[in-house]
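In what follows, a single structure is set out as structure tokens and then discussed.
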Amino acid sequence: MNRFILAVLVLVAVSVQAADYAPIGVEMEVRQVGEHSYYVMGQPGMATDNEGFISNAGFVITDTGVVVFDALGTPSLGWAMLQKIRELTDKPVVKVVVSHYHADHIYGLQVFKEEGAEILAPRGVYEYLESEAASDRLEERRFSLEPWVNEQTYLVKPDRLVESAESFKVGNVEFRLTYQGSAHSQGDMVMFVVNDAVLYSGDLIFEGRVPFVGDADTKHWLETLQALETGELKALVPGHGPAARKPKQAVSLTRRYLAALREVMGAAIEDLQDFESAYAEADWSEFSKLPAFRAAHRRNAYQVFLSMEAEALQ
């Protein structure tokens, strides 16, 4: 009888907490990429498509606890992923490793913070958290992604910053974090699951689609990708798109795209050519049929043009 009452109380508690998060209407499928390693994959689209479910997040189940990698773009999505985890294990979520602070990866953090997880993030994220851009973006998403982002949604600060390479163990699994500096964002980090040889890369690598460059330091990003082209990986989970069973190819696509942007825009700056003519004359056919090309490519090219202008003046 006591166990029955306890079970009922747990179910009631879960139901009450679930009521705080609007239910999602998109499908969320868990995919396994290693003995301990899993991920959920967002659908292709722009930031507010698919109820905000456009990015990936992962989790690693050990014999003592769960380590989550990124937290998706709404609290509702974070809550849905937590329920998927609970279908596989009753172990607590002890850590969340955040690849970078962009909205589509962080608004689900509050779910795991409220579960008692430690939040780890790369150095540089406070440049975003303390900016007007962060507060403005949250206000915009409260409108464009309502009810899944609403007045109860808040930005979660990390419990600890990672500033260099470090390792830790949770139960029987070893993890390696690598701080990548300012590459795709103001601070980027990847997580390698040693036991499974699985790399969670965040948005440093996009599988089968054009990446969103934003205000990234593409020079450093390109250098980082060159270093990641290694044969030791068995699987790679990017920030968007399906996990790569041939990781070198996934790294190569993003690297080639960034290299092409920098080559074309760098030549234009060196020749004092304006952006419009340089963009129009360039051959983008290698990437033109990729998802998100029309939506992101021109903006990416212009951002790289401006950033390489600034590089030339240094």
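The values are calculated or read from the model by the stated rules, or taken from the named source; none is laboratory data. Model, not experiment: these values are computed from the prediction. Backbone-built Cβ (ideal geometry, glycine too); neighbour counts: all protein chains shown.
Observations on the model:
- Scan of the range 137-159 for residues that are within 18 Å of the chain's Cα centre (by Cα) and not in a loop (DSSP other than H, G, I, E, B), ordered by number: Arg137, Leu138, Arg141
- Some residue of the range 34-41 being over 21 Å from Pro242 (Cα atoms) and of a type outside the set (Val, Ile, Thr): no
- Among all residues of the range 86-94, there is none that is within 17 Å of the chain's Cα centre (by Cα) and either aliphatic (A, V, I, L, M) or surrounded by fewer than 23 Cβ atoms within 10 Å (Cβ to Cβ) (or both).
- Hits in the range 277-302 - residues which are surrounded by 11 or more Cβ atoms within 10 Å (Cβ to Cβ) and assigned to a helix (DSSP H, G or I): Ala278, Tyr279, Phe293, Ala295, Ala296, His297, Arg298, Arg299, Asn300, Ala301, Tyr302
- Filter result for Leu88 (closer than 20 Å to Pro158 by Cα and in contact (Cβ under 8 Å) with a residue 12 or more places away in the chain): no
- Positions within the range 99-136 being in a loop (DSSP other than H, G, I, E, B) and either among the polar types (S, T, N, Q) or crowded, with 20+ Cβ neighbours inside 10 Å (or both), in sequence order: Ser99, His100, Tyr101, His102, Tyr107, Gly108, Ala117, Gly124, Ser131
- Taking every residue in the range 40-56 that is touching a residue at least 40 places away in the same chain (Cβ under 8 Å) and in a loop (DSSP other than H, G, I, E, B) and pairing it with any residue that is aromatic (Phe, Trp, Tyr) and crowded, with 22+ Cβ neighbours inside 10 Å, at least 6 positions away or on another chain, the pairs with Cβ-Cβ distances below 7 Å are Gly42/Phe53; Asn56/Tyr39.
- Residues within the range 73-127 that are closer than 18 Å to His240 by Cβ and of a type in the set (D, E, K, R), tallied: 1
- When Phe53, Phe143 are checked against the criterion of being closer than 24 Å to Arg209 by Cβ and aromatic (Phe, Trp, Tyr), a single residue qualifies: Phe53.
- Among the residues of the range 34-50, the ones that are surrounded by 21 or more Cβ atoms within 10 Å (Cβ to Cβ) and not aromatic (Phe, Trp, Tyr) come to 5 in all.
- Residue match in the range 200-220 (condition: surrounded by 20 or more Cβ atoms within 10 Å (Cβ to Cβ), touching a residue at least 60 places away in the same chain (Cβ under 8 Å), under 21 Å from Phe69 (Cβ atoms) and of a type in the set (Val, Ile, Thr)): no
- Candidates Lys91, Lys95 - the one that is assigned to a loop (DSSP other than H, G, I, E, B) and modelled with pLDDT of 95 or more: Lys91
- Near pairs, Cβ below 8 angstrom, 6+ apart or cross-chain, from the range 269-283 (over 14 Å from His297 (Cβ atoms)) to any residue that is of a type in the set (Phe, Trp, Tyr): Ile269/Phe305
- Test result for Phe168, in a strand (DSSP E or B), under 23 Å from Thr62 (Cβ atoms) and of a type in the set (Phe, Trp, Tyr): yes
- Selection over the range 140-154 of residues that are closer than 14 Å to Asp104 by Cα, surrounded by fewer than 17 Cβ atoms within 10 Å (Cβ to Cβ) and either without any contact (Cβ under 8 Å) to a residue 60 or more places away in the chain or touching a Lys or Arg at 6+ places or on another chain (Cβ under 9 Å) (or both) gives a count of 3.
- Residues in the range 88-118 that are under 30 Å from Lys169 (Cβ atoms), touching a helix residue (DSSP H, G or I) at 6+ places or on another chain (Cβ under 6 Å) and aliphatic (A, V, I, L, M): Val93, Val96, Val111.
- Restricting attention to the range 190-210, the residues that are farther than 22 Å from Glu174 by Cα, at pLDDT 80 or above and touching a strand residue (DSSP E or B) at 6+ places or on another chain (Cβ under 7 Å) total 1.
- Check on Ala165, surrounded by fewer than 21 Cβ atoms within 10 Å (Cβ to Cβ), at pLDDT below 80 and not aromatic (Phe, Trp, Tyr): yes
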